[in-house]
Amino acid sequence: MAIIIEEEKKQASWVNIVIAAVMVVVLFVGAYFLFFKQPQLIEVVTPKQLQEINKISAVSFDPEMVVNSPIFKSLRQYGTPVIPPQTVGRANPFAPAQ
């Protein structure tokens, strides 16, 4: 006589099924809002200060008038110009060092 031993088959828990279903619904809703829903356009009314920038951008600028002005010519240079070193690095940085 043979003894048959079978493992108990676990039944699916309703809690696990509900959790999985909620996760799938959240995933699909998130994908819809992320990829398919058109965003609403936000109307922004520009403040008064920003509207006056158009007036400023319409002003013409003549650099020659600034450079040739007596105030610009009266300016003095207080610093000394920076002189870079004559030799920087090797001629071929991939050549082996000698």
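Values for this structure:
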read-out: Residue among Q11, A21, S69 farthest towards the positive dipole end of the chain, charges placed on Cβ; value: S69
read-out: Region 14-56 - Kirkwood radius from inverse mean 1/r over Cα pairs (Å); value: 14.4
read-out: Rounded to 10°, Cα long-axis angle of helix 14-31 versus longest principal axis of the chain; value: 30
read-out: Low-density loop positions, chymotrypsin sites (Phe, Trp or Tyr not before Pro), region 23-87 - DSSP coil, at most 10 other Cβ in 10 Å; value: F61, Y78
read-out: Calculated over the chain: convex hull of Cα atoms, volume per residue (Å³); value: 578
read-out: Selection of trypsin sites (Lys or Arg not before Pro), region 64-98, meeting DSSP coil and at most 13 other Cβ within 10 Å; value: R76, R90
read-out: Hz values of 3J(HN,Hα) by residue in region 82-91 - Karplus curve (6.51, -1.76, 1.60), Gly and Pro given as x; value: 7, 9, x, x, 5, 10, 10, x, 9, 5
read-out: Segment K9-N68, extension gain: residue separation times 0.36 nm, minus the distance between their alpha carbons; value: 11.7 nm
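Values quoted throughout were computed directly from the atomic coordinates according to the rules given, and no laboratory measurement underlies them. Predicted model, so just to flag it, every value in this text is computed and none were measured. Note: ideal-geometry Cβ built from the backbone for every residue, glycine included; neighbour counts use all protein chains shown.
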